[in-house]
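Here's the structure, in structure tokens; my notes come after.
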Amino acid sequence: MSRSVHVAILGAGGYGAAELLRLCAVHPLVEVVSVTSTSHVGQPLDRVHPHMRGFFELDITDLIDTERLLDAEHSVIFSALPHGASALAIERLLTQLEVNGTLDRVRVIDLSGDFRLKDVQTHAQYYPQTPALPERRRAFVYALPELSRAELRGARWVANPGCLAVASVLAGAPLVTAGFAGVLAIDAKTGSSGSGSQLKETTHHPTRHANFWAYRPLAHRHEPEILQALGDPAGERICTSFVAQSMDVARGIFVTVHLTLPEPSAPALLRERFEDFYADSPFVRVVEDSPELQNVVGSNFCDLAVACRERQVVVMAALDNLVKGMAGMAIQNMNLLCGLPESTGLWAPALRPV
């Protein structure tokens, strides 16, 4: 089969690049032609990511091979660089493509948080060490595929959502779009890989093992992103109470959203609302009982369940932070940008047991 999508990845060393490579390796239409890094230049790709042995014959470079990238029907650049570094690298790259007259031929998908928040002041508050780049920011489409298919059809540059925001937004969207206004109390538990591949005290195994704690309560950078994605960036209709918590697992997110309806409802009616809302979303599954991490880890699925008692509602969501919460969603976005079925290269079950 012809490989109609050529892919380049900025930032070779982290979990984001590793997952992009793993998923691209099995995508029937993708060829990875260039992977860059500032710290691994000249090394074979499988030395940095040994599980990629036999799948790629690439050396890591400091610059993208734009000639190979452009030698395809679709040319896509993923940035898997950290916050701050990603925006600067993308700005340099887009400027160079503009000078070369090839800017319109390239699509860019940024996995960092550098272009997620549209409001410059809000961005400065939650990402103070990253550049504002207001003109570029306006041109980036914040794209959670289940809510952004129309915007993606004409997009060139995409800001990939944050992993905790993805689970929270997918849990809340069916009710918010139906008119719910009030408090969304969000309890978001996440695995250690969400903090990246660099060793930190909070991800060091002796610290993480058999431990549990909350971090940045009511001050997490994904909270304004959730409001923005739900169509209320100023918080005029919705108030979020967001608490992130660290689980003793490597992969996975489990979010519980609590809210109170203005009138009593029946569980069957709410479940029908969720099933109808996601009827055309292949990677969202509405399940009867509580979602489980082992049913989604390693896959691009998000499992949702809703419980109701009179006015009280609890929505539960489970997904893999590295796949549906990051690299898998980025490839889902890429598929839509390139006019492909969004499940191309992603239709695979979870890794159970983990």
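Only the coordinates and a few stated rules stand behind these numbers; no lab work does. This structure is a prediction, so every number in the text was calculated from the model and none was measured. Because the Cβ atoms are built from the backbone with ideal geometry, glycine has one as well, and the counts that use them run over all protein chains shown.
Under a model in which nothing but the beta-carbon of Lys, Arg (+1) and Asp, Glu (-1) is charged, the chain shows a dipole of about 360 debye around its Cα centre. Placing unit charges on the Cβ atoms of the charged side chains and taking the dipole of segment 164-321 about its Cα centre, the candidate lying farthest along the positive direction among Phe283, His220, Cys308 is His220. Of the residues Ala348, Ser112, Asn160, the one whose Cα sits farthest towards the positive end of the charge dipole of the chain is Ser112 (charges of +1 on Lys and Arg Cβ, -1 on Asp and Glu Cβ, taken about the Cα centre). Computed over segment 164-321, relative contact order equals 30 percent, with contacts defined as Cα pairs under 8 Å that lie 6+ residues apart.
Note on Asp248 and Trp347: with the Förster distance fixed at 30 Å, the Cβ-Cβ geometry gives a FRET efficiency of about 0.50.
What FRET efficiency comes out for the pair Val120/Val183, r = Cβ-Cβ distance, R0 = 25 Å, nearest 0.05?
It comes to 0.35.
Its alpha carbons give segment 75-224 an Rg and a Dmax of 17.3, 55 Å.
Using a Gaussian network model on the chain with a 10 Å cutoff between Cα atoms, which of Leu21, Leu103, Leu184 fluctuates the most? Result for the chain, Cα springs under 10 Å: Leu103 fluctuates most. Taking trypsin sites (Lys or Arg not before Pro) across segment 253-343, the ones in a DSSP loop with at most 14 further Cβ atoms lying within 10 angstrom of their Cβ are Arg311. Solvent-free Debye calculation, one equal scatterer per alpha-carbon of segment 5-139: log10 I(q)/I(0) at 0.10, 0.20, 0.21 Å⁻¹ equals -0.33, -1.18, -1.26. Placing a label point 7 Å from the Cα of Thr207 along the Cα-to-Cβ line, the residues of segment 235-269 whose backbone N sits under 19 Å from it are 244-252.
Given +1 at the Cβ of Lys and Arg, -1 at the Cβ of Asp and Glu and no other charges, the dipole of segment 164-321 around its Cα centre is 440 debye to the nearest 20.
GNM on the chain, alpha-carbon springs under 10 angstrom: the most fluctuating residue among Ala229, Ala244, Ala268 is Ala268. Work out which GluC sites (Glu not before Pro) in the chain are exposed loop sites (DSSP not H, G, I, E or B, at most 13 other Cβ within 10 Å) and give the longest gap free of them. The longest such stretch corresponds to 74-200. Using Cβ point charges alone (K and R +1, D and E -1), the dipole size of segment 5-139 about the Cα centre works out to roughly 420 debye.
Here, P(r) means the percent of Cα pairs in each 5 Å bin from 0 to the largest distance; for segment 164-321 it is 2, 9, 18, 21, 20, 15, 8, 4, 2, 0.
Residues whose amide H comes within less than 5 Å of that of Cys302, counting only those at least five positions distant or on another chain, are Val284, Arg285 (H built at 1.01 Å from N in the peptide plane).
For the pair Arg309 and Glu272, what calculated FRET efficiency results from E = 1/(1 + (r/R0)^6), where r is the Cβ-Cβ distance and R0 = 22 Å, to the nearest 0.05? E between Glu272 and Arg309, to the nearest 0.05, is 0.80.
When the chain is described by a simple charge dipole with +1 on each Lys and Arg Cβ and -1 on each Asp and Glu Cβ, the residue from Met334, Gly16, Val33 located farthest towards its positive end is Gly16.
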